[in-house]
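Notes for the one structure printed next.
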């Protein structure tokens, strides 16, 4: 039996926990340790047999870890951790600040080249699998339009924005694609859709004691960038309802390419995800790409890559011949 | 401006005509010629300025063609043409006899290696894009089940079978996914579905003069392999209706991966195609992969490959940096 791919997890929040679960589903991998900036004794893993190490010791594990999966956030953690860890490890991360991907790629690439490692950045579903499908769409149907719809799903950023409103004790926000817009795209109409026509926003809010519902509602729906450009509903709920009915992190969405070939034949390519758990799915994508990163490094590649650069066969534990026989 | 990729088309039926259209949609490519076993003067292209050459001259065009797109059939043409042409050209083909892919790959690989070429086999949507999505599904969600549904679409093989029945003057057959089965899969039930539960078959038949409709219907629905295992409907129509309402070649289908992560979170990945023209779409996939084949050859690769081996970024005329900026 060949040696297992040894995985490390850098950061243990929702994503790190998801990676721990996902590694356990892959027989060719083993989790060798979790690295955390919290006191290690305060971190409880799903599998108590896996060691938790203090962040500052991570450099001692260069020889023990084949691929380090970075589970920090894109805003403050990854811009610093990505380049630092790519110098010492082959890495996979889910950096998702779309506008800053070019500069992040450059920083990680330099570090990975210097360290002789491979660093796969922006892995997940968007960026990630959705990016791949935008690419397939425009490469295969050059005459057409691409549409990305998100949801129905819990948006962390918009939920945070709701919770910052004075008078709000707690709450969540769901992004919901407008069904009529999705249908028009699926029908091949290639409509021009503005922000309001594509998505609506549904907020479920627990009021602080004494807060005025109408004032809170107005503050939310008029918030620039987050809500003002959307049709937004605000539903007031109890603490208990929030805890019981809004404690999951579902998400998903669609990438649809609507194109034309020949003398006007309509061709529709659609990619859709419906996820009970957004972080667990993102983690599963990270783990499959960790296998690819390991193989790229074994094959002598060096530097930063994205999902666009990875041959899909590298994601599977099966050989190329098995894949051709079973999946083609 | 950089040199255009010079494309040749080997065989000019529905697929070859689709490739001609698709090349015209891609500004970085030019069609340098069509090769045919028919008398060249009898072949009318969409663009009369493109030369048509006799098949036997094809060997003289090694220096003039960057990628030869093979548009013959999988049953008799490609098993012979694939290896023969891969010796002289970098090729792309749509070989789709699933069970024979391993031996076809081996024959084409040997020829391509000997000739110093790249040969991309089994390109299209199934095998092809559907294969990729089966791979992403099982690699990302190892605990789960994959479902492929075809249709609604015109099946060439089943239409041929219908037309061979005594008493049938003309006809077509549509493969139709059973909506209840698709819904159960989308709902994450992971049902075990037999052949009859997944697809039904709808035949539209023009009777030969004096033929007995009930006898024809029985002969069709009881035909082993093709119809006996399915719920099959036979609708009798006129010559005129056949010509007017059944002259297109629509197709499509779904690949759905239903998996579980963590403590039972259901995760659904779905890929769907809805195609007005099956051959034009397949041709568009072939042309995008011709760009990838060209680049693999330029990068020094040699031998047979499938879509599973190709980094998606190679399909696009854009640079890796542009793709990261625009699509990630």
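The values are calculated or read from the model by the stated rules, or taken from the named source; none is laboratory data. On a predicted model such as this, the values are computed, not experimentally measured, just so you know. Ideal geometry is used to build each Cβ from the backbone, glycine not excepted, and the neighbour counts take in all protein chains shown.
Per the listing B:13, B:27, B:8, the residue uniquely within 21 Å of the chain's Cα centre (by Cα), under 20 Å from residue B:284 (Cβ atoms) and surrounded by fewer than 21 Cβ atoms within 10 Å (Cβ to Cβ) is B:13. Pairing residues of region B:316-328 that are at the interface with another protein chain (Cβ under 7 Å from one of its Cβ atoms) with residues that are outside any helix (DSSP H, G or I), at Cβ distances under 7 Å and at least 6 apart in sequence or on separate chains, gives B:323/B:316; B:324/A:306; B:328/A:122; B:328/A:127; B:328/A:306. When the test is whether a residue is buried (at least 23 other Cβ atoms within 10 Å of the Cβ) and touching a strand residue (DSSP E or B) at 6+ places or on another chain (Cβ under 7 Å), residue A:52 does not pass it.
None of A:219, A:304, A:299, A:228 is crowded, with 24+ Cβ neighbours inside 10 Å and more than 9 Å from chain B (Cβ to nearest Cβ) except A:304. For the residues B:97, B:90, the requirement of being out of contact with any strand residue (DSSP E or B) (no Cβ under 7 Å at 6 or more places or on another chain) and on the phi < 0 side of the Ramachandran plot singles out B:97. At pLDDT 95 or above and in a loop (DSSP other than H, G, I, E, B) - does that describe any residue in region A:77-85? The answer is no, given that none of the residues of region A:77-85 is at pLDDT 95 or above and in a loop (DSSP other than H, G, I, E, B). Of all the criteria given as (1) farther than 20 Å from residue A:297 by Cα; (2) crowded, with 22+ Cβ neighbours inside 10 Å; (3) within 13 Å of another protein chain (Cβ to nearest Cβ), the one not satisfied by residue A:93 is (1). Restricting attention to region A:97-125, the residues being at the interface with chain B (Cβ under 9 Å from one of its Cβ atoms), surrounded by fewer than 23 Cβ atoms within 10 Å (Cβ to Cβ) and in contact (Cβ under 8 Å) with a residue 12 or more places away in the chain number 2. Taken over region B:74-87, the criterion of being touching a residue at least 12 places away in the same chain (Cβ under 8 Å) and either over 20 Å from residue B:302 (Cα atoms) or in contact with a strand residue (DSSP E or B) (Cβ under 9 Å, 6 or more places away or on another chain) (or both) is satisfied by B:74, B:75, B:77, B:78, B:81, B:82, B:83, B:85, B:86.
Restricting attention to region B:169-180, report how many residues are more than 12 Å from residue B:235 (Cα to Cα) and either at pLDDT below 95 or surrounded by 19 or more Cβ atoms within 10 Å (Cβ to Cβ) (or both). Adding up the residues that qualify gives 2.
The condition (being out of contact with any strand residue (DSSP E or B) (no Cβ under 8 Å at 6 or more places or on another chain), surrounded by fewer than 19 Cβ atoms within 10 Å (Cβ to Cβ) and at pLDDT 95 or above) is satisfied by just one residue among B:189, B:202, B:197: B:197.
Whether a residue is surrounded by 21 or more Cβ atoms within 10 Å (Cβ to Cβ) and without any contact (Cβ under 8 Å) to a residue 40 or more places away in the chain was assessed, and residue B:147 does not pass this test. Residues that are out of contact with any helix residue (DSSP H, G or I) (no Cβ under 7 Å at 6 or more places or on another chain) and modelled with pLDDT of 95 or more within region B:231-249 comprise B:233, B:235, B:237, B:238, B:239, B:240, B:241, B:242, B:243, B:244, B:245, B:246, listed in sequence order.
Among the conditions (1) modelled with pLDDT of 95 or more; (2) within 14 Å of chain A (Cβ to nearest Cβ); (3) assigned to a loop (DSSP other than H, G, I, E, B), the only one that residue B:74 does not satisfy is (1). In the condition set (1) in contact with a helix residue (DSSP H, G or I) (Cβ under 9 Å, 6 or more places away or on another chain); (2) assigned to a helix (DSSP H, G or I); (3) under 29 Å from residue A:306 (Cβ atoms), residue A:162 is compliant with all but (3). Of everything in region B:118-134 that is in a strand (DSSP E or B) and more than 11 Å from the chain's Cα centre (by Cα), the residue that is farthest from residue A:324 (Cα to Cα) is B:118.
Filtered by the rule that a residue be assigned to a loop (DSSP other than H, G, I, E, B) and within 25 Å of residue A:240 (Cα to Cα), region A:165-204 gives A:165, A:166, A:167. I'd like to know if region B:134-148 contains one or more residues that are more than 13 Å from chain A (Cβ to nearest Cβ) and at pLDDT below 95. Scanning region B:134-148, I find no residue that is more than 13 Å from chain A (Cβ to nearest Cβ) and at pLDDT below 95, so the answer is no. Selection over region A:260-289 of residues that are more than 8 Å from chain B (Cβ to nearest Cβ), over 13 Å from the mean Cα position of the chain (by Cα) and buried (at least 22 other Cβ atoms within 10 Å of the Cβ) gives a count of 0.
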